[in-house]
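Q: Right, I'll just put the structure down here and ask away after.
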Amino acid sequence: MELFNKAGMLISSVFVMVGALIACQARDDVVPPAPVIEAVAQRLGEHGGAAAERRLREWAEQGSVVAKRELGMLYQNKLPQRSEAMRLFEEAARAGDSESAFQLAEMYQRAGSGAGGEQDKAWPLYAQAAEHRHPQAALRLVSLAKGGSEGAARWLAASGQLK
């Protein structure tokens, strides 16, 4: 009986999501809520599909911070689209999206070699994400902070409180 209830919930959730997508497609100027955008991005990641990517791009162009983040996540590991991913993450981070700030910081961190340069751009982005309760960003700040500094202690304490 419990299995039936879980399956029923899953099926009803899928129907609601499909209905929301159909409604959004009927009105091109309407950006759906974040969970719908994230679900489209997840399907795109699992199955690919030009139509889903095109829809995400349309929502991003309409100003959806979540769509910008999800497109950035899609593009960040594709060399030809890496700069586009950085641009999308930057726009979403400026709009206050902590996951975008974290992902952009990670890209800068990987791009930098040694001290300075691109890695210097990562620190403020990690701080922005950590200030918005992003636990991985707080832990990254701890690892980047000089050993024993007050900053490291502050971010270590903060990361312990985040979940």
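Q: What residue, of 72, 63, 49, is buried (at least 19 other Cβ atoms within 10 Å of the Cβ), small (Gly, Ala, Ser), modelled with pLDDT of 75 or more and not assigned by TED's automatic domain parsing to the domain that holds residue 130?
A: 72
Q: To continue, here is another question. If residue 74 passes every condition in (1) within 11 Å of the chain's Cα centre (by Cα); (2) within 19 Å of residue 139 (Cα to Cα) but one, which one does it miss?
A: For residue 74, the failing item is (2).
Q: Follow-up. Can you tell which of 99, 118 is acidic (Asp, Glu) and either closer than 23 Å to residue 45 by Cα or in the same structural domain as residue 37 (by TED's automatic domain parsing) (or both)?
A: Among 99, 118, only 99 is acidic (Asp, Glu) and either closer than 23 Å to residue 45 by Cα or in the same structural domain as residue 37 (by TED's automatic domain parsing) (or both).
Q: Restricting attention to segment 82-92, does a residue exist that is more than 16 Å from residue 41 (Cα to Cα) and assigned to a loop (DSSP other than H, G, I, E, B)?
A: No; the residues of segment 82-92 include none that is more than 16 Å from residue 41 (Cα to Cα) and assigned to a loop (DSSP other than H, G, I, E, B).
Q: Next question, about the same structure. Can you find a residue that is modelled with pLDDT of 95 or more and aliphatic (A, V, I, L, M) anywhere in segment 78-86?
A: Among the residues of segment 78-86, at least one is modelled with pLDDT of 95 or more and aliphatic (A, V, I, L, M), which makes the answer yes.
The values are calculated or read from the model by the stated rules, or taken from the named source; none is laboratory data. Values in this document were obtained by computation on a predicted structure and should not be read as measured data. Cβ sites come from the backbone with ideal geometry, for glycine too, and all protein chains shown count toward neighbours.
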